[in-house]
Amino acid sequence: MKVLCRDCFWTGEDAPRRCPSCGSPRIVAHAELTTLSIAHMDCDAFYASVEKRDRPELRDVPLIVGGGVRGVVTTCCYIARMSGVRSAMPMFKARKLCPQATILKPDFPKYVHESKRIMAMIRDLTPLVQTLSLDECWIDLSGTERLHGMPPALTLARLQARIEAEVGLTVSIGLAPNKFLAKVASELDKPRGFSVLGTEAASVLAPKPASILPGVGPVFAATLEKAGYRTVGDLARADLKDLAEQFGSHGMALHKLAHGQDARMVNPGQGRKTISAETTFNTDYSDRETLEDILWPLCEKVARQLRKEGITGRVAVLKLRKTDFKIITRRRTLPAPTQTARTLFNAVRELLAAETDGTLYRLIGAGLSDFEPVGASGGDFFAGDETRALKHETAMDTLAAKFGKGALVTGRALKRDRE
């Protein structure tokens, strides 16, 4: 059994209850500790933790980060979670469960800044970092033992301590032989955890719900349960041929995952899947014209971000939330990738038309996915109307940078502001 102390970084061969060097109980023990190299790192209650760090008076009180009475919970601290509050929960429900909570609006520029600090620390150790969000990533430390003079487990323990000391935030780490198991491991001991999954993974996974598997959302989980596959163990014990007949290639992939097998590589180029913007209304809306007016500035915001990052998106995404909180997501693949609000708006506007049948909505959002660097598709990428739209919007970016975002607005956005 290999052993590591997360406080003084002592390593040994047995499994004491406390570190023989510093007396800490924060011991990690696993037979494969020094041979595993794929990790998943997740910041603990990230937005809420940033706010508590900056406002010490909030340290011991329940804190919810979210928007307005009609919004949803963006994240919440662990104290609030003890009352049943969860991310994406409607704010009215969160307030009812935890009426004593302090509620703060999200400060995304601050969270982005802290995320960049943490990700920079990780990239100091390896270029093989695949971000999933501001506060979450996979890390591949294969082959770094000689570079750092220590096994990946010890490198990760030191990273965890460095983030806590320099940034003032805690993270949880999962170490395993592949991405799927690393993500599962990081959830086993939160917050401030460090868990390892190796050859025993199948027995750990067996009792867990099938919904923990990648690609299994609430609807598919219900389909699996109806077919008799409620847990990961049910899928692991199932006949591969039966799963293939019922669910095709996806069924075969689930069978492998249920046995803890995952061949996906940590891919630094595969980061965010979508850049999006959304807003929750103070009053529910059903008429298309009003929804379009609200949608336009969201498209502008998304397009600005793509131009800032020098990328384009090929798939337009429309998001709507009904009054019963059910979410509708519609996508359309564009003829060519774009980074203009005009093209995005035209696409999601058509998607919206099919959904405006008198249904009341409380939220709308727009986004782009399937990213490419500018010009990656080759040919006359920005042609015709797209060229003119890009020049116009780029000019607006320049004016906004010089005189402020409110110096120049489009007619549609101005119309909305006056209402």
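The values are calculated or read from the model by the stated rules, or taken from the named source; none is laboratory data. All values derive from a computational prediction rather than experimental measurement. Note that we place each Cβ from the backbone using ideal geometry, even for glycine, and neighbour counts take in every protein chain shown. The accessibility values were calculated without ligands, DNA or RNA, using every heavy atom of the protein model including side chains. Shrake-Rupley method; radii C 1.70, N 1.55, O 1.52, S 1.80 Å.
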Notebook entry, point to check: In terms of the Cα gyration tensor, with a ≥ b ≥ c the square roots of its eigenvalues, is the range 52-113 rounded because a/c is under 1.5, prolate because a/b exceeds b/c, or oblate?
Noted result: oblate
Next item on the list: Just add up the charged neighbours of residue 136: K/R +1, D/E -1, any other residue whose Cβ is under 10 Å from the Cβ of residue 136.
Entry: -1
Check: In a GNM of the chain with a 10 Å cut-off on Cα contacts, which of 334, 169, 205 has the highest mean-square fluctuation?
Finding: 334
Checklist line | Of the DSSP H helices in the chain, those whose Cα atoms cover at least 30 Å axially and whose Kyte score averages -1.0 or more | finding: 288-309
Note to self: Could you report the range 193-288's accessible area per residue, 1.4 Å probe, as an integer in Å²?
What the structure shows: 56
Check: Taking +1 at the Cβ of each Lys and Arg and -1 at the Cβ of each Asp and Glu, which of 127, 109, 83 sits farthest along the dipole of the range 82-173 towards its positive end, judged by Cα position relative to the Cα centre?
Finding: 83
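Around residue 33, what is the net charge, scoring Lys/Arg as +1 and Asp/Glu as -1 over all other residues with Cβ under 15 Å from its Cβ?
The answer is -2.
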Check: When the dipole is taken about the Cα centre of the range 140-189, and only Lys, Arg (+1) and Asp, Glu (-1) are charged at their Cβ, what size is it in debye, to the nearest 20?
Finding: 140
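Just the number, please: carbon plus sulfur as a percent of the accessible area of the chain, 1.4 Å probe, no ligands or DNA/RNA counted.
Whole-percent figure for carbon plus sulfur exposure: 53.
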Notebook entry, point to check: Looking only at 99, 177, 56, which one moves most when the chain is put into a Gaussian network model with springs between Cα atoms under 10 Å?
Noted result: 56
Next item on the list: Please return the longest stretch of the chain lacking exposed loop sites, where trypsin sites (Lys or Arg not before Pro) count only if DSSP places them in a loop and at most 11 other Cβ atoms lie within 10 Å.
Entry: 60-325
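Placing unit charges on C-beta atoms (Lys and Arg positive, Asp and Glu negative, everything else neutral), compute the dipole magnitude of the chain about its Cα centre in debye, rounded to 20. All intermediate terms of the calculation are to be shown ahead of the outcome.
Values: 60 positive and 49 negative charges, 158 e Å.
The calculated dipole for the chain is roughly 760 debye.
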